[in-house]
Amino acid sequence: MEYKPRLRAKYKNEVVPALMKQFEFKSIMQVPVIKKICVNQGVGAAIADKKLIDVAISEMTMITGQKPVSTKSKKDISNFKLRKAMPIGVRVTLRGDTMYEFLDRLISVALPRIRDFKGINDKGFDGQGNYTLGVTEQIIFPEINIDKISKIMGYDITFVTSAKNDKEALALLKEFGLPFKNQK
């Protein structure tokens, strides 16, 4: 028997029928889907300490299950002591089963570990059905050992969907179980 992520089955069995009913789609192909999840981390302090990029790469590999690439600066900025092509961050794009596994761990394990968590903000939509969420510290992920971290750094997590607008994308992400704040 082949392994399938829990959220992939949930999408097929629960999310698609709920969105078909809510938006009155005529075909299953009209129902929006999460295409990819992009996880980015800016490491500005890597200008002074080159080892921070290696630490960020190893932490993001543990969190996402996929090896990230380092991002490099595009131009020289003398005020920041930044030179062109210096590594200043890491990023990874998740698709398929690794994307669903990461989303499952984010929803069920990582987000509930945030202190004073009341839900995520629904103002991170870009107008085309994509949602960006900022996580302020990497220690919310259980894969990270708190004793071994040298510096607390945050992540930007972007959900790229096939939704036509923000309303469809919000409904899709809510059906997956992302805990948005209750709107009044």
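Quick notes on this structure:
- Cross-link reach is defined here as a Cα-Cα straight distance under 20 Å, omitting same-chain residues fewer than 8 places apart; for residue 181 the aspartates and glutamates meeting it are 104, 116, 122, 126, 137, 156, 166, 168.
- If both residues of a DSSP beta bridge must be in the chain, then about 95% of such bridges are antiparallel.
- Amide H contacts for residue 33 (H built 1.01 Å from N in the peptide plane; partners 5 or more residues away or on another chain; cut-off under 5 Å): 162, 163.
- One chain, two ends: residue 97 and residue 3. Fully extended at 0.36 nm per residue, the span grows by 32.9 nm beyond their Cα-Cα distance.
Since every read-out is calculated from the coordinates, none of them should be taken as a lab result. Being a predicted model, the structure only gives us computed values, none of them experimental.
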